[in-house]
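The values are calculated or read from the model by the stated rules, or taken from the named source; none is laboratory data. Since the structure is predicted, the reported quantities are computational estimates derived from the model, not experimental observations. Neighbour counts are summed over all protein chains in view; Cβ atoms, including those assigned to glycine, are modelled from backbone coordinates with ideal geometry. Areas reflect the complete protein model, heavy atoms only, side chains present, ligands, DNA and RNA absent. Shrake-Rupley method; radii C 1.70, N 1.55, O 1.52, S 1.80 Å.
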Amino acid sequence: MDTTILIADDEADILEMLKDYFTYNGYRVLTASGGQEAVEKASGKPDLILLDINMPDMDGLEVCAQIRNFVACPILFLTARIEDSDKIRGFGVGGDDYIVKPFSLEELGARVAAHIRREQRRRESHEIKFGQELAIDYLERCVYFKGKPLSFAKKEFDIIELLSQNAGQVFDKERIYEKIWGYDSEGDSAVIAEHIRRIRSKFADAGAEACIETVWGVGYKWKK
């Protein structure tokens, strides 16, 4: 398996356990014992990052915010506890998933494998859709309006990809969350609404027509 995982955690026993587990399962593993080291190791372009939130020199949220502009791979937070407000913060800086400690190695391994498979499918489906002055390059993960690229965070583009590739189909917030984050979690509607708001704002700032329509009482759809 030619897949690289970066694991960042300041607890040496957890770091060693995860390194041994993923190495045994065929992954190439990079490790970091602190936030600053994680930022430096992220330049190695890993395929997925496991990032502990509570590190002393720089917490995981700050690390994610610093690296997200040049790292497109999935970032999964490791945390001892999580509230909805924490999830919104984490997703807002570009995180993809949360793993709550203590966790099952088998579940963690399955989550990691699922995220990596999803990324591989996206890279393999290189397609560009054109609609008037709008173009979406799914391989490069970029949206263009009048030939100029628009900047979207990873999860924002994931939502654009899901809705645009199923134009006209209505998705409720729970289904969008399940499709994008890979598992169903009750009480995360605010996360989806905030991402949709940001997407629309960026289209509006560029002078582009809003492509995501609200179907009141149901969900959202991409305008055909």
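Are there any pairs with C-beta distances below 7 angstrom linking a residue in region 110-123 that is under 15 Å from D2 (Cβ atoms) to a residue that is open to solvent by 50 Å² or more (accessible area, probe 1.4 Å), with the two at least 6 apart or on different chains, and if so which? Here the result reads R123/L139, each pair linking region 110-123 to a residue that is open to solvent by 50 Å² or more (accessible area, probe 1.4 Å). Put simply, of G34, G92 the only residue that is surrounded by fewer than 18 Cβ atoms within 10 Å (Cβ to Cβ) and under 23 Å from S151 (Cβ atoms) is G92.
So that you can scan it fast, the table gives a plain yes or no per residue for (1) basic (K, R); (2) within 22 Å of F152 (Cα to Cα); (3) touching a helix residue (DSSP H, G or I) at 6+ places or on another chain (Cβ under 8 Å); (4) touching a residue at least 40 places away in the same chain (Cβ under 8 Å):
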residue: D13; (1), (2), (3), (4): no, no, no, no
residue: F22; (1), (2), (3), (4): no, no, yes, yes
residue: N25; (1), (2), (3), (4): no, no, yes, yes
residue: K45; (1), (2), (3), (4): yes, yes, no, yes
residue: M55; (1), (2), (3), (4): no, no, yes, yes
residue: G60; (1), (2), (3), (4): no, yes, yes, yes
residue: C73; (1), (2), (3), (4): no, yes, yes, yes
residue: L78; (1), (2), (3), (4): no, no, yes, yes
residue: R89; (1), (2), (3), (4): yes, yes, yes, no
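Within region 144-157, being under 27 Å from Y98 (Cβ atoms) and in contact with a helix residue (DSSP H, G or I) (Cβ under 8 Å, 6 or more places away or on another chain) holds for S151, F152, A153, K155, E156. Only one of the listed residues (K202, K129, K146) is at pLDDT 90 or above and over 18 Å from the mean Cα position of the chain (by Cα). That residue is K202. Checked against the criterion of being at pLDDT below 90 and on the phi > 0 side of the Ramachandran plot, region 111-123 has no qualifying residue. Among residues that are more than 20 Å from the chain's Cα centre (by Cα) and open to solvent by less than 30 Å² (accessible area, probe 1.4 Å), I49 is not included.
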